[in-house]
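Notes for the one structure printed next.
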Amino acid sequence: MSPVLAGVLQLIALTAALALAYRPLGDYMAAVYSSPRHLRIEKVIYRCIGANADTQMRWPAYLRGVLAFSVVGVLFLYLLQRLQGGLPLSLGFASISPDQAFNTAASFVANTNWQSYSGEQAMGHVVQTAGLAVQNFVSAATGMAVAIALVRGFARSRTGDLGNFWADLVRGTVRVLIPIAVIGAVILVACGAIQNFSGIHGVGQFMGGSQQTNGGAVASQEVIKELGTNGGGYFNANSAHPFENPTAFTNLFEIFLILVIPFALTRTFGKLVGNVKQGYAILATMGIIWLGFTALMMWTEFAHGGPALQAAGAAMEGKETRFGVGSSAIFSVATTLTSTGAVDSFHSSFTAFGGGIQLLGMMLGEIAPGGVGSGLYGMLVMAIIAVFLAGLMVGRTPEYLGKKIGTREIKLAACYILITPTLVLGFTAASMVLPDALGSMLNTKALGAGSHGFSEVLYAFTSGANNNGSAFGGLNANTPWYNTTIGLAMLLGRFLPMVFVLALAGSLAEQKPIPETAGTLRTEKPLFAGLLVGTILIITGLTYFPALALGPLAEGLS
């Protein structure tokens with residue numbers, strides 16, 4: 001079987017699996033977030049944290065809950081790393097330095113999982129399981145809660161109530177993420193992923209000698225790393241490591257885990273607003289972009305443009321031989337179009353245009369299908385922009401799902417789409433003029449390192465501000481400058497958009513629904529899905545094209 005055919009068949013199998021899971025999972029999550037009853041274990045959790053889960057919150061109270069919980073998470077994870085040297089099961093590792101501890105705490109709480117360290121050489125079992133793995137669950141549940149709050153803003157009228165953050169957080173964790181993670185971890189263990197608390201030991205190598213390695217609760221962390229669109233791996237090689245990702249089947253299964261909840265949430269959205277066709281329109285938009293990017297990436301990598309790659313016969317440099325070009329291309333698009341950041345190949349070794357596709361996927365706002373929760377609310381904000389543009393073209397007051405898109409709503413949506421580019425381009429520009437920051441580019445003397453070196457810095461801040469977490473190699477990001485600035489980009493890129501999303505949700509929930517008329521834009525039709533795709537691509541292109549032209553485009557055309 002040719003590598004191209006194998007890649008196409010894997011893509012077909014993946015699409016079929018996502019289609020089978022779409023309806024039952026989407027309906028289940030709609031039931032979870034609309035149920036008036038609490039499970040017994042949930043009541044125990046509410047008592048422990050002192051929360052009244054039946055109290056309805058307006059958007060300022062909901063936001064305070066999100067921010068307070070996240071601040072506590074950052075402080076706890078920071079202290080856990082700083083105290084690691086005195087903790088049991090630390091494997092003899094020292095405590096983490098202040099700037100790196102801040103960067104890692106911000107990273108995992110923000111659902112970014114940017115790692116400027118080698119996990120197997122820095123983090124003990126307690127930090128991995130009680131710190132990083134826990135944040136993989138709750139940061140994903142936080143994103144889902146904010147998305148559901150925005151959906152309630154469309155579904156409710158004249159109340160301003162968006163539900164209860166603590167109830168949404170606990171339900172997303174207990175009823176959605178944990179059950180799927182348990183099943184997924186069993187599958188990974190059955191396929192060869194490790195799950196233990198072993199210490200450091202020597203492993204013999206085929207060519208002689210040995211290397212030091214350690215075990216860990218890898219399978220359980222791996223599954224929530226993908227399911228929660230987190231991305232932080234137990235090992236430095238991430239999902240290219242055989243302990244995390246043993247076979248071609250587990251590789252495809254992990255891609256499925258990355259995509260299944262973000263896609264299924266569109267069904268949840270349709271159920272909660274009382275019109276599943278609206279969910280199908282959002283799904284179609286996400287699906288068109290995802291399939292288009294995947295096809296383009298596979299074509300680019302199989303074409304293996306460039307003299308070195310053509311001489312070698314394929315773009316296999318930096319890719320796992322167990323997976324090949326096709327599977328690596330599918331994985332890289334899935335991880336950069338979502339806020340996952342996991343890698344089963346070396347992103348910096350992709351062709352220049354392949355690296356540009358990865359960058360562009362993150363620059364879209366990671367909305368196709370995007371992160372768990374963040375992809376849905378990001379796409380709904382873009383839908384509001386698209387409706388506004390359509391209203392300008394026909395001279396009508398824009399409305400979406402029966403809610404008027406007025407001055408307040410469009411200002412909030414505009415602020416949302418401006419935050420991330422400001423962080424990405426601002427920090428990249430600063431890094432390109434500061435000598436210490438430039439010194440982190442380890443390949444500045446290599447051929448073509450000018451444009452590729454710029455791409456490394458641009459990729460780092462694009463990944464951080466969009467809460468992705470993957471990186472181009474060749475940039476030493478474990479410095480005070482990058483640890484601090486990328487940490488700030490991750491926190492601001494995660495929580496500032498949430499401020500505007502929740503304010504937008506509150507504004508929508510206060511409105512009275514507008515009856516449909518003959519002039520109402522039908523947002524469940526294919527025409528609107530096409531308009532939404534065009535809006536996303538145009539806004540992203542106008543924002544980032546100059547930066548892309550200096551980086552991957554210049555490298556690819558040189």
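The values are calculated or read from the model by the stated rules, or taken from the named source; none is laboratory data. The shown structure was predicted, so the numbers you read here are calculated from the model rather than taken from an experiment. Cβ coordinates were reconstructed from backbone atoms using ideal geometry, including for glycine residues, and neighbour counts include every protein chain displayed. Each accessible area value is taken on the protein alone, full model and side chains, heavy atoms only, with ligands, DNA and RNA left out. Shrake-Rupley method; radii C 1.70, N 1.55, O 1.52, S 1.80 Å.
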> Measuring from centroid to centroid over Cα atoms, what is the spacing of the range 226-289 and the range 322-356 in Å?
Replying inline: 15
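For the range 385-529, what number results from the quotient of the Cα radius of gyration and 2.2 N^0.38 Å?
It is 1.42.
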> Under 5 Å between amide H atoms, partner at least 5 residues away or on a different chain: which partners does residue 401 have, H built in plane at 1.01 Å?
Replying inline: none
> Cα centroid distance between the range 56-114 and the range 393-437, in Å?
Replying inline: 28
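For the range 13-87, just say rounded, prolate or oblate: build the C-alpha gyration tensor, square-root its eigenvalues into a ≥ b ≥ c, call rounded for a/c under 1.5, and beyond that prolate if a/b exceeds b/c, oblate if not. Numbers along the way, then the final one.
On the way: a/c = 2.19, a/b = 1.34, b/c = 1.64.
Note, shape of the range 13-87 comes out oblate.
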>> Taking every alpha carbon pair in the chain, what does the distance histogram look like in 20 angstrom bins from 0, in percent?
In response: 22, 58, 19, 1
> Hey, if you put +1 on the Cβ of every Lys and Arg and -1 on every Asp and Glu Cβ in the chain, which of 478, 79, 385 ends up farthest toward the positive end of that dipole?
Replying inline: 385
> What number of lysine-lysine pairs in the chain show an alpha-carbon separation below 30 angstrom, given a sequence spacing of 8 or more or placement on distinct chains?
Replying inline: 23
> What helices does the chain have that are whole DSSP H segments, at least 27 Å long along their own axis by Cα, and with mean Kyte-Doolittle hydropathy of 0.5 or more?
Replying inline: 3-34, 59-82, 134-155, 248-272, 276-303, 374-394, 407-431, 480-509, 526-550
>> Could you check the spin-label model distance between residue 20 and residue 5? Points 7 Å from the Cα along Cα→Cβ, value in nm.
In response: 2.3
> What list of ³J(HN,Hα) values in whole Hz, one per residue of the range 466-472 in order, does the Karplus curve 6.51 cos²θ - 1.76 cosθ + 1.60 (θ = phi - 60°) give from phi, with Gly and Pro shown as x?
Replying inline: 8, 6, 8, x, 6, 8, 8
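Based only on the alpha carbon positions, what is the Kirkwood hydrodynamic radius of the range 1-126, in angstrom? Don't skip to the end; give the middle numbers.
Working: mean 1/r = 0.0524 Å⁻¹.
Kirkwood hydrodynamic radius for the range 1-126: 19.1 Å.
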> Just how much of residue 48 is accessible, in Å², when a 1.4 Å probe is used and the result is rounded to the nearest 10?
Replying inline: 110
> Between residue 48 and residue 121, what is the FRET efficiency for a Förster distance of 30 Å, r being their Cβ-Cβ separation, to the nearest 0.05?
Replying inline: 0.30
>> With every protein chain kept in place and ligands, DNA and RNA left out, what is the accessible area per residue of the range 19-163? Probe 1.4 Å, answer in Å².
In response: 42
> Using modelled amide H (1.01 Å from N, peptide plane; none on Pro or chain starts), what sits under 5 Å from the amide H of residue 319, excluding residues fewer than 5 places away?
Replying inline: 346
>> What distance in nm separates the two pseudo spin-label positions at residue 76 and residue 28, each 7 Å out from Cα along the beta-carbon direction?
In response: 2.5
> What's the center-to-center distance, using Cα atoms, between the range 153-204 and the range 11-27 in Å?
Replying inline: 19
> Roughly what would the spin-label model give for residue 397 and residue 41, points 7 Å off Cα along C-beta, in nm?
Replying inline: 4.8
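Determine the calculated [θ] at 222 nm for the chain from helices alone, applying -39500 (n - 2.57) to every DSSP H run no shorter than 4 residues and normalising by the residue count; nearest 500 deg cm²/dmol. Provide the component values of the computation, followed by the final result.
Details: 21 runs with 347 residues, N = 558.
Computed mean residue ellipticity for the chain: -20500 deg cm²/dmol.
State the percent of C-alpha pairs, over all pairs in the range 78-135, separated by a distance greater than 13 angstrom.
Considering the range 78-135, 53 percent of its Cα-Cα pairs are separated by more than 13 Å.
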>> Probe radius 1.4 Å, ligands and nucleic acids ignored: give me the carbon and sulfur share of the accessible area of the chain as a rounded percent.
In response: 68
